[in-house]
Amino acid sequence: MTDQSSQAERVRKSLKRRYRKERRFRLYGILAIFIALASLFILFADIISKGHTGFVKTTITLEVTLDSTMMYLDDPTDKDQWSSADFKAPIIAALQAQVPEAASAAEKRQLGRFLGTFADSEIRNLLTENPELLGTTQTIEFPTHDRVSVYVKHADNPRYSIKLSEQQQGWVDELLEKGIIDTSFNDVLFSRGDSREPANAGVLGAIVGSLLTMLVTLAISFPVGISAAVYLEEFAPQNKLTDFIEVNINNLAAVPSIIFGLLGLAVFINLFGMPRSVPVVGGLVLALMTLPTIIISSRAAIKSVPPSIREAAEGVGASKMQVVLHHVVPLAMPGMLTGSIIGMAQALGETAPLLLIGMVAFIVDVPDGFFSSATVLPVQVYLWASSSEQGFVELASAAIMVLLTFMIIMNALAIWLRKRLERRW
């Protein structure tokens, strides 16, 4: 009895130790999930806190008298005078009318710094399109200078340094009370390309460039990757050559992305003479980088199809090609699509390979084709984040939010397609 009771006690102690280990393991798992979610929350909170003001623009609305004498534009029909005309003078006069205490020449210069660099271009473009407006008074909205925008949106934020003098800050506060300076949704962010001034910079060019690049990537990587996976899994003989190919595909999936950029630079640009900074070359480079991911995920999806499906099809007289095309590929398609979309989402966030093929260039115009100079969203974020002007900091965070939105949509699409097309057996 003593031996049995001692043995039972040892069993109970062993069970208690095992249950404690299981509880600790569950606790570690919950802790790991909590740390991951907390890190993700901190990341998103930091991006949103810095980037939400990027969706807000600061403008100044003035009643501008388009006086030809003030602009030194005696004859509006004489285009030679337009190059020497002072289109900023009526804007300064309209601004001084709102701040009459700025009387001296130095104060007028300080007041003129409230306006963006391209304010006079607004007047020039307006008169070029509507010369009959010369001599009239128009209500025109101008983007403010980056320093004014930073003060209006971040006056209480110690992370931003205010570069306005106390006198200028007082003038800005006065104009804010009058409603002359105001904030609104930053439609410029989604309607223009890059610019040297934050108030005129947008992500439309980068979005279009990303879409064109992704179209080229998808058109090349998806059919080639699916075909390669089907051949290797269903038709290729098991020999040293196929083993060598499989090993290299797995190795390519782990190669740093910048290596594909070097490959694209050496082959597509230096060897074939293709132009730099165009979506076609960017798409080719990203297709090479994405192919191993698509092939590996597609092979895994094909392997998951039960052998009974193949055997049943062959039993009713289907050929090998019919078995693969009519039965195996349709059943494996959800996994193939999921892997392809995840691979495309990964390619969408790549920067290093595109830097080497010139897509880091300063592109103002929105690309209108696959061979137009373009940039992509990750590179645009890199350019803005490395800029010295504070306004680009919030624009970079706003562009990150746009990029993350695209990636979340693509991953959600992958999940939806898998649930929609998945078949159970």
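The values are calculated or read from the model by the stated rules, or taken from the named source; none is laboratory data. Note that the coordinates shown come from a computational prediction; the quantities given were computed from them, not determined experimentally. Every residue, glycine as well, gets a Cβ built from its backbone with ideal geometry; the counts of neighbours run over all protein chains shown. Calculation scope for accessible area: heavy atoms of the full protein, side chains included, ligands and nucleic acids excluded. Shrake-Rupley method; radii C 1.70, N 1.55, O 1.52, S 1.80 Å.
With each pseudo-label sitting 7 Å past Cα toward Cβ, what's the Ile245-Arg276 distance in nm, one decimal?
Distance between label points: 3.6 nm.
Which one is right for this structure if percent of Cα pairs over 30 Å apart is calculated from it: [x] 41; [y] 44; [z] 62?
[z]
To the nearest 20 debye, what charge dipole does the chain have about its Cα centre, counting +1 at the Cβ of each Lys and Arg and -1 at the Cβ of each Asp and Glu? Walk me through the intermediate numbers first.
Details: 37 positive and 40 negative charges, 800 e Å.
My answer is approximately 3840 debye.
Just Ala318, Ala398, Ala253 to compare: in a GNM of the chain, with alpha carbon springs under 10 Å, which one fluctuates most?
Of Ala318, Ala398, Ala253, the most mobile in the Gaussian network model is Ala318.
How far, in nm, would the chain grow between Glu197 and Val267 when pulled straight, counting 0.36 nm per residue and subtracting the alpha carbon separation? All intermediate terms of the calculation are to be shown ahead of the outcome.
Numbers: separation 70, 0.36 × 70 = 25.20 nm, distance 3.60 nm.
Gain in length upon complete extension: 21.6 nm.
Aspartates and glutamates within cross-link reach of Lys108: Cα-Cα under 19 Å, excluding same-chain residues under 8 positions apart?
Of all the aspartates and glutamates, those that pass the test against Lys108 - Cα under 19 Å, at least 8 places apart if same chain - are Glu63, Asp67, Asp86, Asp120, Asp146, Glu166, Asp173, Glu174.
What FRET efficiency would be calculated for the residue pair Gln167, Leu421, taking the C-beta separation as r and a Förster radius of 60 Å, to the nearest 0.05?
On the way: r = 66 Å, r/R0 = 1.10.
That gives a FRET efficiency of 0.35.
Largest first, how would Asp173, Asp365 line up by accessible area (1.4 Å probe)?
Values: Asp173 65, Asp365 115 Å².
Per-residue accessible area, sorted high to low, gives Asp365, Asp173.
For the chain, with every protein chain kept in place, what is the accessible area per residue (1.4 Å probe, Å²)? Walk me through the numbers on the way to the answer.
Details: 22860 Å² over 425 residues.
Accessible area per residue, the chain: 54 Å².
Compare Ala36, Ala399, Ala93 in a GNM of the chain, Cα atoms joined below 10 Å, and give the one with the largest fluctuation.
Ala36
How much length is gained if the chain between Lys178 and Ser83 is pulled fully straight, taking 0.36 nm per residue apart and subtracting their Cα-Cα distance, in nm to one decimal? Walk me through the intermediate numbers first.
Numbers: separation 95, 0.36 × 95 = 34.20 nm, distance 3.45 nm.
Value of the extension gain: 30.8 nm.
What accessible surface, in Å², does a 1.4 Å probe find on Trp384, ignoring ligands, DNA and RNA and rounding to the nearest 10?
10 Å²
Using a 7 Å offset from the Cα along the Cα-to-Cβ direction at both Phe371 and Tyr28, what is the distance between the two label points in nm, to one decimal?
5.9 nm
When the chain is treated as a GNM, springs tying every alpha-carbon pair under 10 Å, which of Val247, Val152, Val376 comes out with the largest mean-square fluctuation?
It is Val247.
Taking the Cβ of Glu394 as the center, what net charge do the other residues with Cβ under 9 Å away carry, scoring Lys and Arg +1 and Asp and Glu -1? Don't skip to the end; give the middle numbers.
Working: positive: Lys50, Lys153; negative: none.
Here the charged neighbours net out to +2.
At what distance in nm do the modelled label points of Ala155 and Val255 sit from each other, each positioned 7 Å from its Cα along Cα→Cβ?
Going by the 7 Å Cα→Cβ label model, 5.6 nm.
Of the heavy-atom accessible surface of the range 36-124 (probe 1.4 angstrom), what whole percent is carbon and sulfur? Can you show the working numbers first?
Working: 2690 of 4590 Å².
Taking all protein chains in place, the range 36-124 shows 59 percent carbon and sulfur surface.
Take Asp156, Asp182 and sort them by solvent-accessible surface of the protein heavy atoms, 1.4 Å probe, largest at the top. Don't jump to the answer; show the numbers that get you there.
Details: Asp156 150, Asp182 85 Å².
Heavy-atom accessible area, descending, gives Asp156, Asp182.
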